[in-house]
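Written below as structure tokens is the structure these notes are about.
None of the figures in this text is laboratory data; all of them are computed from the coordinates on show. Computed from a predicted structure; not experimentally measured. When we count neighbours, we look across all protein chains shown, and the Cβ atoms used for this are built from the backbone with ideal geometry, even at glycine.
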Amino acid sequence: MGHDAPARRHGDQALIAPVTLMTRSAAGVIALCLAGAACGSTRGPAAPTTPASAGWTLTWSDEFEGPVGAAVDAAKWTFDVGGGGWGNQELQSYTARSRNAHLSGDGSLVIDVLRETYTGPDAITRGFTSARLKTQGLFAQTYGRFEARIKLPFGQGIWPAFWMLGSDIGSAGWPLCGEIDIMENIGREPAVAHGTLHGPGYSGGGAIGAPYTLPAGRLADGYHVFAVEWEREVVRWYVDDQPYLTRTPANLPSGSRWVFDHPFFVILNVAVGGSWPGPPDNTSIFPQQMLVDYVRLYRR
């Protein structure tokens, strides 16, 4: 994580079975917007696709096209649900509701982070809701370029992320399965994205990575492209195609094992609170939203 506090941990909750998507009508989402919830916004000029001359071939993508308020594509995404803290003392309950994850109507995924009292199917009551989408069981890939164009939320206690876990987490557990954090941000660092590797002997506060600081403004002020290029025994991180970090087995603690040699699945989520960002305070504004213009995966 490039920081000293405990980083993302997963435990058994990463394996909670998917919950069937609950649909919400466009009219209902519009009513929610009028009540003050985040509603999506114009996504701005499209970012250029990775040029074919770079040697990448598209293998999987979601452009999030569809009517306003529509649920995400259940053939591409499933959900983690629950409010048990996710190994990080997080304060939200993740839901599979369209109220927390839906299409904007102009080509973006919207993850809405709401301040509300909510009791989930795990019977845990929390004061915030959000969403955590994943491709686990639907798509995974070994090596390639993994990128997403995202406009981040902001504020103390807000923790958005675009990341990957090894598909063998069910048998190997975490961190032996491996974790690649393509982008994490915490509210008290509005211009900073973190790229990180977690594995056996280098997880949590001992993970290996580094931050990237935006030259000007906040990551919430517009869309940015966050990417990794992952090849055999090397992972490289980029923000807006600017390389800022490379990690290889030579960077691991002595005696540690490189575990980035098997399929990984993709995750998008926004947490509230937790051991790294800390809780929201009186400066925090809700609702918040993360807008995702696209997710695109490539292979050489």
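Compute the Rg/Rh shape ratio of the stretch 147-300: radius of gyration over Kirkwood radius, all on alpha-carbon atoms.
Details: Rg = 15.4 Å, Rh = 16.0 Å.
Rg/Rh: 0.96.
Distances over 16 Å make up what percent of all Cα-Cα pairs in the stretch 91-165?
Cα-Cα pairs in the stretch 91-165 separated by more than 16 Å: 59 percent.
Taking the highest mean first, how do the peptides 283-289, 211-217 order by number of other beta carbon atoms within 10 angstrom per residue?
Sorting 283-289, 211-217 by mean packing, highest first, produces 283-289, 211-217.
Per residue, how big is the convex hull around the C-alpha atoms of the stretch 91-230? Give it to me in cubic angstrom, could you?
Taking the convex hull of the Cα positions in the stretch 91-230, it is 144 Å³ per residue.
In Å, the Kirkwood hydrodynamic radius of the stretch 237-300 over pairs of distinct alpha carbons?
The Cα-based Kirkwood calculation yields 16.5 Å.
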